[in-house]
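The values are calculated or read from the model by the stated rules, or taken from the named source; none is laboratory data. Since the structure is predicted, the reported quantities are computational estimates derived from the model, not experimental observations. Here the Cβ positions follow ideal geometry from the backbone for every residue, glycine too, while neighbour counts run over all protein chains shown. SASA here: full protein model, heavy atoms, side chains in, ligands and nucleic acids out. Shrake-Rupley method; radii C 1.70, N 1.55, O 1.52, S 1.80 Å.
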Amino acid sequence: MIDPSSQARLTENWQAVQHDVDAATTAADRPAGSVTIIGVTKYVDAEMTLGLVHAGCRVLGENRPQVLWKKNEEVAFPDDVQWHLIGHLQRNKLRRSLPFHPMIHSVDSPRLLTAIVEEATAQQIPTKVLLEVNISGEEAKTGLKPQELRPMIESQLGSSDTDAVEIVGLMAMAGWGTDADAARQQFAATRELRDQLTQQTGAALPELSMGMSGDFAAAIAEGATMVRIGSRLFEGLLPPA
Ligand SMILES: *Cc1c(COP(=O)(O)O)cnc(C)c1O
């Protein structure tokens, strides 16, 4: 258990983030509740992660699968917690990760998608994934080139394993050091890419995972259905960076 003052601060932060996400949703003329907040817990230990759940956040994102496994050994999370894997994922980590029923946001190669299909089929665990697109075009960023997405979606639609893995949308991050306007343009480009892919392939692709602590309002304005928020939730609880 974390101490009561940390728990109180965590609850306050969670409520403030919910408030700001609601405000951004309303400002974008979108229905209340149409944006899911994923609490990104990579900065904190298992106890603090559980504290965030107790504050009310039931949807958690981890970057590294090993950390997801370890936290689940250290504390007992309620059954209704939904896990999201949002960082680069190695294929040899899938076997131990799928039993947590994660949504995988970071499919960044056809090989990884194939491996997820194989493992989800073998374990009979239906798995939802997002294709991570490198929308900023930066060499250093992970993610697929926009033109790589269509063949992956078409081959998945055409495969007999479609019930094992469903591509439900796209994930994107704004480039390093982009200002608010540039970030918003990249989020808009992600949405337009999704719309184009839907038209070309017939896949619904309803989910857009985009927006973090610093740019979630712009992402929501451009149609994000999931925002991945870490540092805002832990303000006042971490040693200064
Ligand atoms: C760390 C991280 C986040 C959260 O970022 P904050 O700026 O701390 O909100 C979101 N998405 C990914 C992929 C991350 O690695």
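Being modelled with pLDDT of 95 or more and open to solvent by less than 20 Å² (accessible area, probe 1.4 Å) is the requirement here; does Leu131 meet it?
The answer is yes for Leu131.
Give me the residue from region 157-183 that is within 13 Å of Val129 (Cα to Cα) and part of a loop (DSSP other than H, G, I, E, B) and, out of that set, modelled with the lowest pLDDT.
Among them, the one singled out is Thr162.
For the subset of region 24-44 comprising residues that are of a type in the set (Ser, Thr, Tyr) and either in contact with a strand residue (DSSP E or B) (Cβ under 6 Å, 6 or more places away or on another chain) or touching a residue at least 60 places away in the same chain (Cβ under 8 Å) (or both), which member is nearest to Glu222 (Cα to Cα)?
Thr25
Per-residue answers, yes or no, for (1) touching a helix residue (DSSP H, G or I) at 6+ places or on another chain (Cβ under 7 Å); (2) among the polar types (S, T, N, Q):
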residue: Val75; (1), (2): yes, no
residue: Asp79; (1), (2): no, no
residue: Trp83; (1), (2): yes, no
residue: Gln90; (1), (2): no, yes
residue: Ser106; (1), (2): no, yes
residue: Ile116; (1), (2): yes, no
residue: Gln123; (1), (2): yes, yes
residue: Lys128; (1), (2): no, no
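Residue-wise test of (1) away from the ligand (no atom under 14 Å from the Cβ); (2) crowded, with 23+ Cβ neighbours inside 10 Å.
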site	(1), (2)
Ala204	yes, no
Ser209	no, yes
Gly214	no, no
Ala218	no, yes
Ala224	no, yes
Leu233	no, yes
Pro240	yes, no
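Name the residues in region 48-62 that are open to solvent by less than 40 Å² (accessible area, probe 1.4 Å) and either touching a Cys at 6+ places or on another chain (Cβ under 9 Å) or part of a loop (DSSP other than H, G, I, E, B) (or both), would you?
Listed by number, the residues that qualify are Gly56, Cys57.
Assess whether Ala76 counts as being away from the ligand (no atom under 16 Å from the Cβ), over 30 Å from Ala182 (Cβ atoms) and open to solvent by less than 60 Å² (accessible area, probe 1.4 Å).
no
Among the residues in region 142-160, are any farther than 17 Å from Gln90 by Cα and of a type in the set (Lys, Arg)?
Scanning region 142-160, I find at least one residue that is farther than 17 Å from Gln90 by Cα and of a type in the set (Lys, Arg), so the answer is yes.
Select from region 33-47 the residues that are surrounded by 20 or more Cβ atoms within 10 Å (Cβ to Cβ) and either among the aliphatic types (A, V, I, L, M) or not in a loop (DSSP other than H, G, I, E, B) (or both) and write down the one among them that is nearest to the ligand (Cβ to nearest atom).
Val40
Going by the structure shown, is Leu238 within 24 Å of Val117 (Cα to Cα) and assigned to a loop (DSSP other than H, G, I, E, B)?
For Leu238, the condition - within 24 Å of Val117 (Cα to Cα) and assigned to a loop (DSSP other than H, G, I, E, B) - is not met.
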